[in-house]
Amino acid sequence: MKRVLLACLLSGAISMPALGALKDGDTAPDFNVQASLAGKALNYSLKDSLKKGPVVVYFYPSAYTGGCNIQAHTFAVNHDKFAAAGASIIGVSLDSIDRLNDFSADPEYCAGKFPVASDADGKVSKSYDLAIREATAGKKDSRGIEINHGFAERTTFIVTPDGKIAASIGGLKAKENVDKALEVVQHLAGSH
């Protein structure tokens, strides 16, 4: 009986939003940041993107790391499904714009399908109440390059055109995080 109870508690914990993160129904903080799409820097405005439909704002720890590589690749592969549901995607990390220029154009990861934003000072992550871990000296990315920035927790927010958070998705592995985000935007598209 204890195992069944523990299993139920663990399954509930996995689907819960990230600890401390903004919740469903909260107003999503607006942000204007430097981002990269297909290797080219640009200015990104959440407010402007919301004029076109829901936005999937996904925070991830670092470009060129295991789970983040999988997550970016999964978003890129499913980009057309998100677009068909009327949603756009923006990735946000504490990476520098130079790292993101490489990552956004990399055919194995973002593949030029969606922009990734530099939140180098962590202000955007903090405005969404996400925890940030300090950089670990000597930690290297999947290319063998040292990572010299902090890490925001992996959490995805689905923001509706009225600026409200329809869903916050945390506590899931990278691929499952994307699958859940797609499920939410498809549900939103079907309910209109």
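Magnitude of the charge dipole for the chain, about its Cα centre and with charges confined to Cβ atoms of Lys, Arg (+1) and Asp, Glu (-1), is about 400 debye. Taking the Cα centre of region 47-129 as reference, the dipole from Cβ charges on Lys and Arg (+1) and Asp and Glu (-1) amounts to some 380 debye. Kindly list the residues of region 90-111 that lie in the label zone of Val77, defined by a backbone N under 13 Å from the point 7 Å along the Cα-to-C-beta vector. Output list for this probe position: 108-110. Ranked by the mean number of other Cβ atoms within 10 Å of their residues, highest first, the peptides 99-106, 124-131, 138-145 fall in the order 99-106, 124-131, 138-145. Return one whole number: the accessible area per residue of the chain in Å², for a 1.4 Å probe. With all protein chains present, the chain gives 50 Å² per residue.
The stretch between Glu183 and Ala84, if pulled fully straight at 0.36 nm per residue, gains 34.4 nm over its current Cα-Cα span.
Need the list of lysines near Lys126 for cross-linking: C-alpha distance under 16 angstrom, and skip anything on the same chain fewer than eight residues off. Of all the lysines, those that pass the test against Lys126 - Cα under 16 Å, at least 8 places apart if same chain - are Lys23.
Labels on offer are (i) 50, 34, 31; (ii) 42, 42, 39; (iii) 50, 41, 29, and the one holding Cα extents along the principal axes in Å computed from this structure is (iii).
For the chain, with all protein chains in place and a probe radius of 1.4 Å, 57% of the accessible heavy-atom surface sits on carbon or sulfur.
Annotation: extensible slack from Glu146 through Lys51 equals 30.4 nm (criterion: 0.36 nm per residue apart, minus Cα-Cα distance).
Calculated from the alpha-carbon coordinates, region 61-153 shows an Rg and a Dmax of 13.2, 42 Å respectively.
Cross-link pairs exceeding 29 Å between alpha carbons, from the set Lys52/Lys140; Lys51/Lys123; Lys51/Lys140; Lys40/Lys175; Lys52/Lys139; Lys139/Lys164: Lys52/Lys140; Lys51/Lys140; Lys52/Lys139; Lys139/Lys164. Multiplying the residue separation of Ala38 and Ser127 by 0.36 nm and removing their Cα-Cα distance gives an extension gain of 29.4 nm.
The values are calculated or read from the model by the stated rules, or taken from the named source; none is laboratory data. All values reported here derive from a predicted model rather than from experimental measurement. Quick reminder, even Gly has a Cβ in these numbers, built from the backbone with ideal geometry, and neighbours come from all protein chains shown. All accessible areas refer to the heavy atoms of the entire protein, side chains included, with ligands and DNA or RNA removed. Shrake-Rupley method; radii C 1.70, N 1.55, O 1.52, S 1.80 Å.
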